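Working notes, beginning with the structure itself.
The values are calculated or read from the model by the stated rules, or taken from the named source; none is laboratory data. On a predicted model such as this, the values are computed, not experimentally measured, just so you know. Accessible surface is based on the protein model in full, side chains and every heavy atom, while ligands, DNA and RNA are left aside. Shrake-Rupley method; radii C 1.70, N 1.55, O 1.52, S 1.80 Å.
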Amino acid sequence: YIPDAEYPVGTVLTIDCAGAEVTYAGVNSVPVGVVSDKPAYLMNSELPGGIAVALVGRVPVRVTGSVMKGQLVYADNMGVASATADGERVGIALETSEDAGEKLVECVLKV
């Protein structure tokens with residue numbers, strides 16, 4: 001996928017209606033995947049300027065706020081997810097973190 005900017009691993013992405021193919025997801029976005037640095041299978045690898053986007057599987061997701069293992073995480077703000085956001089579902093946390101700041105949390109994608 002062609003992004004509108006460079007994004008760190010774990011960023012939640014949505015379709016970019018303005019120009020590029022993908023951009024960061026927000027509360028009012030429909031998530032399509034998460035930036036991955038270790039894709040199991042890389043489709044369209046010859047696409048110039050493209051980035052690896054996980055559509056399914058187990059991947060680290062940028063999450064802010066505390067989260068419990070088994071809890072759903074939702075699209076929140078600027079490509080980051082949280083357990084308390086009103087956005088669309090991104091995945092299910094596979095680990096617990098009481099850290100209130102942003103961190104990578106291993107999740108099963110459910111986009």
Every residue from the range 58-85 that is over 9 Å from the mean Cα position of the chain (by Cα), open to solvent by less than 10 Å² (accessible area, probe 1.4 Å) and not aliphatic (A, V, I, L, M):
SER82
Selected residue (criterion: least open to solvent (accessible area, probe 1.4 Å)) from residues of the range 34-48 that are among the hydroxyl-bearing types (Ser, Thr, Tyr) and closer than 24 Å to ILE92 by Cα
SER36
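Which of the strands (runs of 3 or more DSSP E) found entirely inside the range 69-111 contain at least 3 residues meeting this: within 23 Å of ASP4 (Cα to Cα) and not aliphatic (A, V, I, L, M)?
72-77
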